[in-house]
């Protein structure tokens, strides 16, 4: 997915920019970048962060950066920020989202015979440069941003660092959050509110869907009002968001605790202890344990000093190695115990199945699995959230293929937790994981835990088209 941070200050902003951007490291996988502006122009630095932390790559570079305004980004794969020269003036740009109709937009641009793209990765055009090209067709930054957002299928939130301030825009349907903050002498904008706390910024504006603002030393000016329709991604609260962050004024950790409590209220299993699959299932497990009045324990601990997040490497074998090496079992909490684990979701299920075999190897008596969201039936088509290259890699699709003989199409009954097809799919997944029992959260319970009306949430990955259609 990725995340961004921007700041304008009456003094040098590099320190705030560096730390604010770093607080988005949990959202990105491959690239990090900073751009700052002073009286002499813009300085930009981009690094590969695939196998190293953002901080370790940028700390040594900070002395050569200076300026009172800047933007930073943690990116899925493309180089950002980009420095653009256009008839609107020079600017730097960062984006977060996914352009699903990129080929169509590129073909349209080439048909005009006046466009070229230079930020290539192999044969693929940099999506952020594509967004810049859409902006540059219009007569102002506001008109350009609005036109780009209307043209893009998928999502796009962005920051522009310009001569007259930082332009911030939230995706037209608000699938990702954008929030501004203020402290004495400085204004900032972020995707994750986590970035504000230790930098002493106080939230002063939650951008609405499609809203465009300009941030200057004097504050935040709205240039395009928000739209009426919102489809913020519900999976932000389930997994991707950092626990200290809030979206639409709703805290992530609180929602995850409530998800776990909802799982407990719907359950009747007997267990000796409750645990989270580290770390993504921890908050859900705490909510379950408190609601069920069961002890919360850690039969696995995660070794974090050197091992990265297991979903980041693109090679499946490396992912599995990372997942295995970083989790260390505590056999005294496993042997002879009936274990109940909570997890945010099951994507492929590969790592989870291996984890269960290690638990049985440590003589676990039973392993009950509780998932904080409904079964993932569809790869996200609005954000770069899917960790599977193909929908057919999803645990649900593999189960459906066993049942139906195919996995590409999903009959709607599989999304209905009361249907026989849904029950058979869950049973196939349980068998593959070798869990004693497996139960998923019901969508109404998840929506209640979040606390927003269903029509304001994107739930496409669980139920496909319908309320979440673009």
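Values in this text are rule-based calculations from the coordinates and carry no lab data. Just so we're clear, the structure is a prediction, and the values are computed from it rather than from any experiment. Cβ coordinates were reconstructed from backbone atoms using ideal geometry, including for glycine residues, and neighbour counts include every protein chain displayed.
Worth pointing out:
- Using a cutoff of 8 angstrom between alpha carbon atoms and counting only pairs six or more residues apart, the relative contact order for segment 17-104 works out to 33 percent.
- The stretch between residue 56 and residue 454 holds 139.2 nm of extra length on full extension. This uses 0.36 nm per residue minus the Cα-Cα distance.
- Arranged from fewest to most other beta-carbon atoms within 10 Å of their beta carbon, 78, 363, 391 become 363, 391, 78.
- Additional length obtainable on full extension of the chain from residue 416 to residue 301, 0.36 nm per residue less Cα span: 37.9 nm
- Mean projected area in nm² (Cα convex hull; one quarter of hull surface) for the chain: 22.2
- Global geometry of segment 160-261, whether rounded, prolate or oblate, following the gyration tensor of its Cα atoms and the 1.5 cut on a/c: oblate
- The modelled label-to-label distance between residue 335 and residue 424, using points 7 Å beyond Cα along the C-beta direction, is 4.3 nm.
- Relative contact order, whole percent, for segment 3-230 stands at 21, derived from Cα pairs under 8 Å and 6 or more residues apart.
- Span from the segment 391-470 Cα centroid across to the segment 1-29 one, whole angstrom: 36
- Pairs of Cα atoms nearer than 8 Å and 6+ residues apart set the relative contact order; for the chain it is 12 percent.
- The gain in end-to-end length when the residue 143 to residue 228 segment is fully stretched comes to 28.7 nm, 0.36 nm per residue minus the alpha carbon separation.
- Between residue 250 and residue 87, the FRET efficiency from the beta-carbon distance, with R0 = 60 Å, is close to 0.90.
- Order of 57, 182 under a 10 Å beta carbon neighbour criterion, fewest first: 57, 182
- Burial ordering of 42, 65, 369, fewest other beta-carbon atoms within 10 Å first: 42, 65, 369
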